[in-house]
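Trainee: The structure's right below; bear with me while I get my questions together.
The values are calculated or read from the model by the stated rules, or taken from the named source; none is laboratory data. None of the values given here were measured: they were computed from a predicted structure. As a convention, Cβ positions derive from the backbone with ideal geometry for all residues, glycine included, and neighbour counts pool all protein chains shown. Each accessible area value is taken on the protein alone, full model and side chains, heavy atoms only, with ligands, DNA and RNA left out. Shrake-Rupley method; radii C 1.70, N 1.55, O 1.52, S 1.80 Å.
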Amino acid sequence: MAKYFNVIGVCRPSEHYMVSLDGRLAEIRKMIDRKYYFVINRGRQYGKTTTLAALKDFLQEDFIVASLDFQFLSQADFETEWIFSAAFARRFAAVLRRVPEAAGEALDRIKKYGDEGCALSVLFERLSEFCASAPKPVVLLIDEVDSASNNQVFLDFLALLRGYYLQREDFPTFQSVILAGVYDIRNLKQKVRPDLEHKHNSAYPPLPCQ
């Protein structure tokens, strides 16, 4: 089939005409090598999901890449931290099931919580164990984080990401975390709890990239 211009979803080089992403991917790789946690926020049809798909392939030789999409989670999955942890554990285990380097007891323990659920603090202990035992650094990509807006459970999730980010010398964690969505993730807290506006950056690490 001849290539064509795609404006309704992820662009794939084998099927669609598209600009080269090499320069963009190289710049993102620099940030990952520096262990940055950051966001990619642009409007619809600006190539966020296409960039993440290309980034996953670009990184897989040197990293274990857990690429999640919150479109696979429903509103009910954010009702409580136990429900959210179960949904997150299921998606995390599912996207890594075809990555041989990810297999092992640490991933099996995370997969178990997909059925049982757990407190978010326990989920992060298991994620830390997974990162510590993985043969390669682990990068977490989450697309469509806007699906979690107006939700306190997700803010608690961000706070734990920040805690492990700040204490990475003592508690192994992700090499890098990239959150992608239409809106700046730093503004989500204001939608949930406007009284915390003066703590604008308290729920997430510095964001060096837009």
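Trainee: With the structure loaded, tell me whether residue 169 is among the acidic types (Asp, Glu) and under 20 Å from residue 94 (Cβ atoms) or whether it fails that test.
Mentor: No.
Trainee: Since residue 66 meets every condition but one in (1) outside any loop (DSSP other than H, G, I, E, B); (2) under 28 Å from residue 100 (Cα atoms); (3) open to solvent by less than 90 Å² (accessible area, probe 1.4 Å); (4) modelled with pLDDT under 90, which condition does it not meet?
Mentor: All conditions pass for residue 66, except number (4).
Trainee: With respect to residue 109, is the statement that it is in contact with a Lys or Arg (Cβ under 7 Å, 6 or more places away or on another chain) and assigned to a helix (DSSP H, G or I) true?
Mentor: Spelling it out, residue 109 is indeed in contact with a Lys or Arg (Cβ under 7 Å, 6 or more places away or on another chain) and assigned to a helix (DSSP H, G or I).
Trainee: Just for the stretch 131-155: of the residues that are touching a Lys or Arg at 6+ places or on another chain (Cβ under 8 Å) and surrounded by 20 or more Cβ atoms within 10 Å (Cβ to Cβ), which one is nearest to residue 178 (Cα to Cα)?
Mentor: 141
Trainee: When you go through (1) under 22 Å from residue 50 (Cα atoms); (2) touching a Gly at 6+ places or on another chain (Cβ under 6 Å); (3) of a type in the set (Gly, Ala, Ser) one by one for residue 176, which number turns out not to apply?
Mentor: (2)
Trainee: Can you pull out the residues in the stretch 91-124 that are under 14 Å from the mean Cα position of the chain (by Cα) and touching a residue at least 24 places away in the same chain (Cβ under 8 Å)?
Mentor: 92, 95, 96, 124
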